[in-house]
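Structure first, then comments.
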Ligand code: MG
């Protein structure tokens, strides 16, 4: 593993020497979603150290105004009204130290690139950014000497496990843990009949609808493997998935001496968010630690790739490289939308993805964002075509 911008242990590049004595200034994109709300909890608790200077949300103007009032934020953007220009204005705000990107979809990729090129560090909670444009983000972070910090709980755990291990050749593999979702114990033959409500019932985490369905199909873990590949600059064969139903071990790193480091906490996103916003400092957390005075059990088991073909397809896409992960993501997005809104059966989601991956799209990875977005749109329209014939049946 080559040294890279994420796992080195250099001091936080966003800090100039005087910053330690003043508050760290944060722009929060996606302030009203589940990551946004957890971020506000962290900032509320540590208001003497953290300051919100900009917020954005897609909808919910009223909630955005309430947040602006409570945190005395001077820059607020409703991007359903202002579009990507509004988001980019916030992501490049001169007074910001770090931009937390928690908006959904690939719009976040453009915003992340804008923040890095304006000299901001990025705290990344959006998966698609790395899945679709990991090569562009990595190049931009290097070019502008900035860092991309992982807020996704699994990647944040890996980041924590890698801290202090400066020899990257010493890492054998990254072990992403997965709860297994609501259908971990559902017999494979019953998956055909599960409803949207069943899929939205996640055992441990409360999140948005799209990501909750992704957890149920295990596409979420597939996307996280792709994300890890770029965040930590590792080859696909060094990334594995382990089912861990309790969601207490957030991920692990295995070293070449067979030692394994794990990061644990109760399942709340506030841990990862605070770790990044305060990095490298540790201060009191929002939620309690694990209670070892009570009996509890941690289980681990291998994933069932046959029952969850979305995970196998993600492995295949990751190994194939090029535009395959982009096509995987676009097809999954279209299929999940059809499952949520158009009555597509749950088990058809991997079938749609598989169909799109088998199409003769141009799978060469473009090195500029416009061509990349075109390629993504092409995969998306292929998925739509496939969906139309599927839903007519
Ligand atoms: Mg995650």
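Remarks
Quick grid of which residues meet (1) at pLDDT 95 or above; (2) under 29 Å from residue 262 (Cβ atoms); (3) touching a helix residue (DSSP H, G or I) at 6+ places or on another chain (Cβ under 6 Å); (4) not in a helix (DSSP H, G or I):
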| site | (1), (2), (3), (4) |
| --- | --- |
| 312 | yes, yes, no, no |
| 315 | yes, yes, no, no |
| 318 | yes, yes, yes, no |
| 322 | no, no, no, yes |
| 331 | yes, no, yes, no |
| 334 | yes, no, yes, no |
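- Across the range 6-29, the qualifying residues are those that are touching a strand residue (DSSP E or B) at 6+ places or on another chain (Cβ under 7 Å) and part of a loop (DSSP other than H, G, I, E, B), and the one among them that is modelled with the lowest pLDDT is 13.
- Yes/no for residue 226 being more than 12 Å from the ligand (Cβ to nearest atom) and closer than 17 Å to residue 105 by Cα: yes
- Residue check for residue 345: touching a residue at least 40 places away in the same chain (Cβ under 8 Å) and not in a helix (DSSP H, G or I): yes
- Residue, surrounded by the fewest Cβ atoms within 10 Å (Cβ to Cβ), within the range 352-376, restricted to residues that are free of Cβ contacts under 8 Å to residues at least 40 places away in the same chain and in a helix (DSSP H, G or I): 370
- Which listed residue is in contact (Cβ under 8 Å) with a residue 24 or more places away in the chain, assigned by TED's automatic domain parsing to the domain that holds residue 51, assigned to a loop (DSSP other than H, G, I, E, B) and in contact with a strand residue (DSSP E or B) (Cβ under 8 Å, 6 or more places away or on another chain), from 108, 96, 123: 96
- Residue count for the range 147-179 under the criterion of being within 13 Å of the ligand (Cβ to nearest atom) and either assigned to a loop (DSSP other than H, G, I, E, B) or at pLDDT below 95 (or both): the result is 3.
- Single residue of 115, 143 found to be assigned to a helix (DSSP H, G or I), at pLDDT 95 or above and surrounded by fewer than 23 Cβ atoms within 10 Å (Cβ to Cβ): 143
The values are calculated or read from the model by the stated rules, or taken from the named source; none is laboratory data. Since the structure is predicted, the reported quantities are computational estimates derived from the model, not experimental observations. Note that we place each Cβ from the backbone using ideal geometry, even for glycine, and neighbour counts take in every protein chain shown.
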